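The values are calculated or read from the model by the stated rules, or taken from the named source; none is laboratory data. Since we're looking at a predicted model, the values are computed, not measured. We place every Cβ from the backbone using ideal geometry, glycine too, and count neighbours over all the protein chains shown.
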C-alpha cells in the first residue's frame with residue numbers, strides 16, 4: 001500500500017506525468033467550446049457530444065444580466081436574479097429553458113445573439129441589466145427572437161429592494177406572455193412561484209449560490225454556511241435546504257467533507273421533502289441524498305420524479321435522476337435522464353458531473369469501453385474528480401487495460417490514502433448485488449486494497 005501511495009504522490013507532484021496520463025485516455029468524437037465563468041475568465045473547454053436536437057416547444061436562454069451598480073460585489077445579486085428568472089421560466093411546461101450554467105458560458109464573451117442561439121439550439125434570448133443603489137433596484141429586460149434579431153419587447157422594472165420578488169414576477173409574466181400568449185393562467189402562476197418571501201433569507205441564499213457556483217472546496221464550505229444562514233432567517237425556505245444537501249452530498253463524493261453528520265443530513269432531507277412539495281430543487285437534492293446516504297433508492301426516485309413532474313426543464317434534476325436510476329439498476333433509464341440533462345445544459349462548465357454519471361451508467365450496463373470513454377472525457381475537464389477516477393479505474397480494469405487502471409489508481413490513492421474496496425462501495429448504494437460484485441471485481445483486478 002505504501003508503495004502505491006508514494007507512486008501516487010509522484011504522479012500528482014509531477015504535472016507533466018499527470019497530463020501524460022490524461023492524454024493516454026481514449027477520446028470521444030466531441031467538438032469543444034471555451035466558455036467563461038462568472039467573472040469573465042476563460043475556463044476549461046466544454047464538450048458538446050452531439051448536435052442539439054430541435055424541440056417543438058418555444059426555447060429560451062436567459063443570459064447574464066449586466067451589473068450596472070458600479071460595484072463588482074453586487075455581481076452575486078444580478079447573477080442571482082438571472083438564476084431565479086431562469087428557474088421560474090423552467091417550471092412552465094410549455095417552454096424549453098436552457099440551464100443557467102450554459103447561459104453563463106457566454107458572459108462577457110462578445111458572441112452575438114444569433115450565434116448564441118445556434119450554439120444552444122434556442123429560439124429566444126432574454127437579456128438585461130440590474131442596477132442596485134441604496135434601497136432601490138432597477139431591472140431592464142428585453143426579449144429577442146434570435147433567428148431574426150427581432151426585439152419582441154423591452155421594459156424597465158423599478159422599485160424598492162424589498163419589492164424584488166414582485167419585480168421578478170413582472171418580468172417572468174411578461175416573458176411568458178410574449179412567447180406563449182395562449183398559455184393557461186395556471187401555467188403562468190406556476191412559473192411565478194418563489195420559495196421564500198423573506199428578503200434577508202433571499203440575499204443570503206444569493207450569496208450561497210455565488211459561492212456554490214465557484215465549484216471549489218472553499219466555495220462549497222462558504223455556500224453551506226450561507227444556506228444555513230438563509231434557513232435561520234426563514235425556516236420554511238425549501239430551496240436552501242435542498243442546496244445545503246447538495247453541499248453535503250458533493251462534498252462527500254469528492255472527498256471535500258468525507259464524513260458529514262448523517263443525522264443532520266436526514267433532518268435536511270425530511271425537512272426539504274416536507275416543505276418542498278412544490279419545490280423541484282429541494283426535492284431532487286433530497287432524493288439523491290436519500291439514496292446516497294441512506295440507500296433508500298425507492299423513496300429517492302419518488303422525490304426526484306416529483307421534482308421533474310413539477311419542472312421538466314430542470315437539468316440538475318435529470319442529472320440526479322441519472323445517478324439514482326443507476327443505483328436502482330436501470331442503466332438505460334439513467335442514460336436517458338443524463339441525455340436530457342445535457343440537452344438542457346449543453347455548455348455546462350461542470351458537465352464532468354454528467355459525464356461521470358454516464359460512465360457509471362455504462363459500467364453497470366456492462367459496456368466497459370463506453371464507461372472508460374465517458375470517464376476519460378470527465379477527467380479531461382476535471383483531472384482530479386474522484387467519481388470519474390473511480391470509473392476510470394474499474395472500467396479500464398474490466399476491459400483489461402490494466403496500465404490505464406493502475407495509473408488512475410495511483411492518482412486516486414494520492415487523493416485518498418485510505419481508499420479501499422469497501423470504502424469505494426460506500427459511494428454506490430447499488431440495489432443489484434451483481435452491480436456491486438462487478439464493481440468489487442474491477443477494483444480487485446487492479447489491486448485496490450480490500
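Figures for the structure shown
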{"quantity": "Of the criteria (1) on the phi < 0 side of the Ramachandran plot; (2) not in a helix (DSSP H, G or I), which one residue 335 fails", "calculated": "(2)"}
{"quantity": "Residue check for residue 342: at pLDDT below 95, within 21 Å of residue 319 (Cβ to Cβ), buried (at least 22 other Cβ atoms within 10 Å of the Cβ) and within 18 Å of the chain's Cα centre (by Cα)", "calculated": "yes"}
{"quantity": "Test: residue in the range 387-396 that is closer than 23 Å to residue 308 by Cα, surrounded by 24 or more Cβ atoms within 10 Å (Cβ to Cβ) and outside the structural domain of residue 116 (by TED's automatic domain parsing)", "calculated": "no"}
{"quantity": "Lone qualifier among 86, 55, 49 - being modelled with pLDDT under 85 and touching a helix residue (DSSP H, G or I) at 6+ places or on another chain (Cβ under 7 Å)", "calculated": "49"}
{"quantity": "Positions within the range 384-402 being closer than 25 Å to residue 349 by Cα and either assigned to a helix (DSSP H, G or I) or in contact with a strand residue (DSSP E or B) (Cβ under 8 Å, 6 or more places away or on another chain) (or both), in sequence order", "calculated": "386, 387, 388, 389, 390, 391, 392, 393, 395"}
{"quantity": "Residue match in the range 430-450 (condition: in the same structural domain as residue 259 (by TED's automatic domain parsing), closer than 25 Å to residue 212 by Cβ, surrounded by fewer than 24 Cβ atoms within 10 Å (Cβ to Cβ) and in contact with a helix residue (DSSP H, G or I) (Cβ under 8 Å, 6 or more places away or on another chain))", "calculated": "no"}
{"quantity": "Number of the condition not met by residue 418 [criteria: (1) under 24 Å from residue 251 (Cα atoms); (2) touching a helix residue (DSSP H, G or I) at 6+ places or on another chain (Cβ under 9 Å)]", "calculated": "(2)"}
{"quantity": "Single residue of the range 352-383 satisfying the filter (touching a helix residue (DSSP H, G or I) at 6+ places or on another chain (Cβ under 7 Å) and in a loop (DSSP other than H, G, I, E, B)) that is surrounded by the most Cβ atoms within 10 Å (Cβ to Cβ)", "calculated": "382"}
{"quantity": "Selected residue [under 24 Å from residue 296 (Cα atoms) and at pLDDT 95 or above] from 395, 375, 315, 328", "calculated": "328"}
{"quantity": "Hey, residue 314 surrounded by 22 or more Cβ atoms within 10 Å (Cβ to Cβ) and closer than 26 Å to residue 426 by Cα or not", "calculated": "no"}
{"quantity": "Residue, farthest from the chain's Cα centre (by Cα), within the range 403-424, restricted to residues that are in a helix (DSSP H, G or I) and surrounded by fewer than 15 Cβ atoms within 10 Å (Cβ to Cβ)", "calculated": "403"}
{"quantity": "Lone unmet requirement of (1) over 23 Å from residue 356 (Cβ atoms); (2) crowded, with 24+ Cβ neighbours inside 10 Å for residue 303", "calculated": "(1)"}
{"quantity": "2 or more residues at pLDDT 85 or above and closer than 28 Å to residue 235 by Cα: qualifying helices (runs of 4 or more DSSP H) within the range 137-213", "calculated": "199-212"}
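Per-residue answers, yes or no, for (1) over 22 Å from residue 76 (Cα atoms); (2) surrounded by fewer than 20 Cβ atoms within 10 Å (Cβ to Cβ):
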{"site": "210", "(1), (2)": "no, no"}
{"site": "217", "(1), (2)": "no, yes"}
{"site": "225", "(1), (2)": "no, yes"}
{"site": "230", "(1), (2)": "no, no"}
{"site": "237", "(1), (2)": "no, no"}
{"site": "241", "(1), (2)": "no, no"}
{"site": "256", "(1), (2)": "yes, yes"}
{"site": "261", "(1), (2)": "yes, yes"}
{"site": "273", "(1), (2)": "yes, no"}
